[in-house]
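What follows draws every value from the coordinates through simple rules; no lab data is involved. Predicted model only: the values in this text are computed from it and were never measured. Neighbour counts run over all protein chains shown; Cβ positions are idealised from the backbone, glycine included.
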Amino acid sequence: MSNIVIISGSPSTLSRSSAISTFLQDILVTEGNQVSTITVRNLPPEDLIYAQFNSPAIQQAKTLVEQAAAVIIVSPVYKASYPGVLKTFLDLIPEKGFTDKIVFPVVTGGTFAHLLSLEYAFKPLVSVLGAREILEGVYIVDSQITYTEQEITFVDSEIEQRLKFAIDQLLIQLQQKEMQAIR
Ligand SMILES: Cc1cc2nc3c(=O)[nH]c(=O)nc-3n(C[C@H](O)[C@H](O)[C@H](O)COP(=O)(O)O)c2cc1C
């Protein structure tokens, strides 16, 4: 059993990337992992805007990150990069706060034109936080899924397979790290 945190970065209440977060969380919980989700839009806006590093809500969220062996960032692409609200939270994470954690980025976008935002925006962001084990991300275009508050449907079944494959890889790497730590 691994401890995994999902950081959901969309400011929208009815959100594709949040639906994907729930899908990933369900798979991970079914596999017996302990999973917490930080939905950034639900953190107190004042804490984020005024960078209240030590507010109770921010402390609680930071503890979830600190205790996790892996971080899954699920976010829309905004203006060819990450949404500001996601950045306001990541700015409050301590320097090198992702050290020794496996990071898996999942990004949704309106168009394939910003596929490379994974490489030039999201990966440098997690890298500066100390992440060195960054899994190949998954980029999902809006037309490849439909969603409601309750469930997600994959119009393109390859996306579902790629997400499941990536989660398998993440769990294998976590197991290997845990075995190495015991030895
Ligand atoms: C303010 C804003 C900026 C966006 N910028 C981009 C963009 O640069 N490239 C892109 O492909 N999609 C862009 N989109 C579309 C979203 O990334 C896409 O619809 C995403 O799936 C929304 O995720 P969500 O439903 O979880 O918020 C933008 C949407 C908004 C609202």
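Could you go through region 117-125 in sequence order and give the Karplus-derived ³J(HN,Hα) for each residue, using 6.51 cos²θ - 1.76 cosθ + 1.60 with θ = phi - 60°, rounded to whole Hz, and x for Gly and Pro?
Working through the residues one at a time gives 4, 4, 7, 9, 10, 6, 5, x, 5 Hz.
Quick one: which of 45-53, 13-21 comes out on top by average Cβ neighbours within 10 Å, and what's the full order, highest first? Each step should come with its number before you reach the end.
Details: 45-53: 14.2, 13-21: 20.9.
The peptides rank, most packed first, as 13-21, 45-53.
Compare the peptides 97-103, 29-35 by average per-residue count of other Cβ atoms within 10 angstrom and give them in order, highest first. Can you show the working numbers first?
Numbers: 97-103: 19.3, 29-35: 13.7.
Top to bottom by mean Cβ count within 10 Å: 97-103, 29-35.
Using +1 on the beta carbon of Lys and Arg, -1 on that of Asp and Glu, and nothing else charged, what's the dipole of the chain about the Cα centre, debye to 20? Can you show the working numbers first?
On the way: 13 positive and 19 negative charges, 84 e Å.
The calculated dipole for the chain is roughly 400 debye.
Please report, largest first and rounded to whole Å, the three semi-axes of the ellipsoid equivalent to region 47-183, where each semi-axis is the square root of five times an eigenvalue of the C-alpha gyration tensor. Could you put the intermediate results ahead of the total?
On the way: eigenvalues 124, 91, 40 Å².
Taking √(5λ) for each Cα gyration eigenvalue gives 25, 21, 14 Å.
Evaluate the distance, in nm, between pseudo-label points positioned 7 Å from the Cα of GLU136 and of LYS164 along their respective Cα→Cβ axes.
Between GLU136 and LYS164, the label points sit 1.8 nm apart.
Using the Kyte-Doolittle scale, find the helices of the chain whose mean hydropathy is at least 0.0 and whose Cα atoms extend 15 Å or more along the helix's long axis, counting only whole DSSP H runs. Write down the numbers at each step before the final one.
Working: long enough: 16-30 (21 Å, 0.67); 56-67 (16 Å, -0.34); 157-182 (38 Å, -0.25).
Helices meeting the criterion: 16-30.
Using label points projected 7 Å from each Cα along Cα→Cβ, tell me how many nm separate LEU116 and THR99, to one decimal.
Each label point is offset 7 Å from its Cα along the Cβ direction, giving 3.2 nm.
Near LYS87, which lysines are there with a Cα under 23 Å away, not counting those fewer than 8 places off in the same chain?
Cα-Cα hits under 23 Å: LYS62, LYS79, LYS96, LYS101, LYS123.
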